[in-house]
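Enquirer: To start, I am sharing the structure in question, which I have written as structure tokens.
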Amino acid sequence: MEQRHLGRTGLRVSRIGLGTLTWGRDTDEHDAADQLKAFWEAGGTLVDTADVYGGGESEYLLGQLIERLVPRRDLIVATKAGSVPDPYRRFDGSRGHLLAALDASLERLGTDYVDLWQIHAFDTETPLEETLHALDIAVSSGRARYAGVSNYCGWQLAKAATWQLAAPGIRTRLASTQMEYSLLQRGVEREVLPAALDLGVGLLPSSPLGRGVLTGKYRHTTPPDSRGASEQMAPFVEPYLDEAASRIVDAVATAADGLATTPLEVALAWVRDRPGVVAPIIGARTVQQLTAALSVESLSLPDEICQALDDVSAPVHRYPDQDWSTL
């Protein structure tokens, strides 16, 4: 699998990442092992998790599989901290919480460092410089090799990245930002992606298949074994089952027919090769789903197909987004 630099850093990662959101919850140890082995054998290196996935079980399961199944040196392990199971405060970006969470993550993962440590979301109740100081401490102490953020809007990302760049050699520059990005969700193109490109921050798209909708599985019905049919995940999928999304899915299916491939591969190739994108994160439930996604490595979309998909899914940019003088 092709490797790409993570932002403006020396760290190289596979251009498809393996997500572990369902590990320890819907994906058991056997299925997780099959996924990790298939990913590694395909040349994948970037494995993404978080301290809240499965209540910590995702990290624990990944830690059990590292070394026993795949050498630690062959993986780029990324995790997150900052989300908390508190109905009154969803995010805690305080230095104390973050560093304690990192230590707990390292224990569950069974390693003394993570390659990429990410702040899971912006905390409005904590000064940003305090949150970012936790990243500096994590890297300077060797517990994290690189640092990033997740779910930061445009101004939040620009402020954080600029603050870190203001003291080179003292503060740790942001290597990445993880955001939802797909043909069904192109909101990051308004401000997040321009900021990331300008500041040298690599984008790691989550839900690159539009929460599964871009595979085409929901075109005519809701499969009984799909996320859209589960009580827990149905609200997550439902926003992408409207008429506008249906037109985009139809266009993806038409492109797939013309290229003799699958809608999954077309949708994934489109987001993988967008400017600023480093590695879409694939969160498969089964090894079969993951293998289907990994087959995209040999596909590059023709320019005319990319343009057609851009046109049918184009977000509306109005003042003052990006270059307002052209609007």
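Enquirer: Residues of the stretch 162-201 with amide nitrogen under 19 Å from the 7 Å Cα-to-Cβ point of GLU129?
Expert: Once the point is set 7 Å along Cα→Cβ of GLU129, 162-174 turn out to lie under 19 Å by backbone N, inside the stretch 162-201.
Enquirer: For the chain, which span is the longest to avoid every loop-located (per DSSP) member of trypsin sites (Lys or Arg not before Pro) having at most 11 other Cβ atoms inside 10 Å?
Expert: Answer - 90-317.
Enquirer: Under the 0.36 nm per residue contour assumption, what length would be gained going from the current alpha-carbon distance of GLU57 and THR221 to full extension?
Expert: Here the answer is 55.8 nm.
Enquirer: Here's something else I'd like to know. Using a 1.4 Å probe on the protein heavy atoms only, what accessible surface does GLU2 show? Give it in Å² to the nearest 10.
Expert: So the heavy atoms of GLU2 present about 80 Å² to solvent.
Enquirer: Cα to Cα, under 19 Å, and not fewer than 8 places away if on the same chain: which lysines meet these conditions relative to LYS217?
Expert: Cα-Cα hits under 19 Å: none found.
Enquirer: Excluding ligands and nucleic acids, what accessible area in Å² is computed for GLU180 using a 1.4 Å probe, to the nearest 10?
Expert: Here the accessible area works out near 40 Å².
Enquirer: Taking the solvent-accessible surface of protein heavy atoms with a 1.4 Å probe, what is the per residue accessible area of the chain in Å²?
Expert: 44 Å²
Enquirer: Another question, then. Heavy atoms of the protein only, probe of 1.4 Å, neighbouring chains included. What is the accessible area of ILE305 in Å², nearest 10?
Expert: About 40 Å², ignoring ligands and nucleic acids.
Enquirer: Same structure again: Rank PRO127, PRO71, PRO87 by mean-square fluctuation in a GNM of the chain with C-alpha springs under 10 angstrom and give only the top-ranked residue.
Expert: Result: PRO87 has the largest fluctuation of those listed.
Enquirer: Percent of accessible area on the chain owned by carbon and sulfur, 1.4 Å probe?
Expert: That share works out to 51 percent.
Enquirer: If you don't mind, there's one more thing I want to ask. At 222 nm, what value in deg cm²/dmol follows for the chain if DSSP H runs of at least 4 each add -39500 (n - 2.57) and the sum is divided by all its residues, to the nearest 500?
Expert: Only helices count here, giving -11000 deg cm²/dmol.
Enquirer: Moving on to the next point. On full extension of the chain, what length is gained from ASP257 through GLN3, given 0.36 nm per residue of separation minus the C-alpha to C-alpha distance?
Expert: In short, 88.6 nm is gained.
Enquirer: In the Gaussian network model of the chain, springs joining C-alpha atoms below 10 Å, which of THR172, THR22, THR162 carries the largest mean-square fluctuation?
Expert: THR162
Enquirer: Cα to Cα, under 27 Å, and not fewer than 8 places away if on the same chain: which lysines meet these conditions relative to LYS80?
Expert: By straight Cα distance, LYS80 reaches LYS37, LYS159.
Enquirer: Distance between the C-alpha centers of the stretch 162-227 and the stretch 118-144? Whole Å please.
Expert: Rounded to whole Å, the Cα centres lie 20 Å apart.
Enquirer: Projected onto the charge dipole of the chain (+1 at Lys/Arg Cβ, -1 at Asp/Glu Cβ, origin at the Cα centre), which of GLN156, ALA38, GLY258 gives the Cα projection farthest towards the positive end?
Expert: GLN156
The values are calculated or read from the model by the stated rules, or taken from the named source; none is laboratory data. Nothing here was measured: the structure is a model prediction, and the numbers come from that model. Every residue, glycine among them, receives a Cβ derived from its backbone with ideal geometry; neighbour counts consider all protein chains shown. For the accessible areas, the whole protein counts, side chains as well, though only heavy atoms, and no ligand, DNA or RNA atoms are used. Shrake-Rupley method; radii C 1.70, N 1.55, O 1.52, S 1.80 Å.
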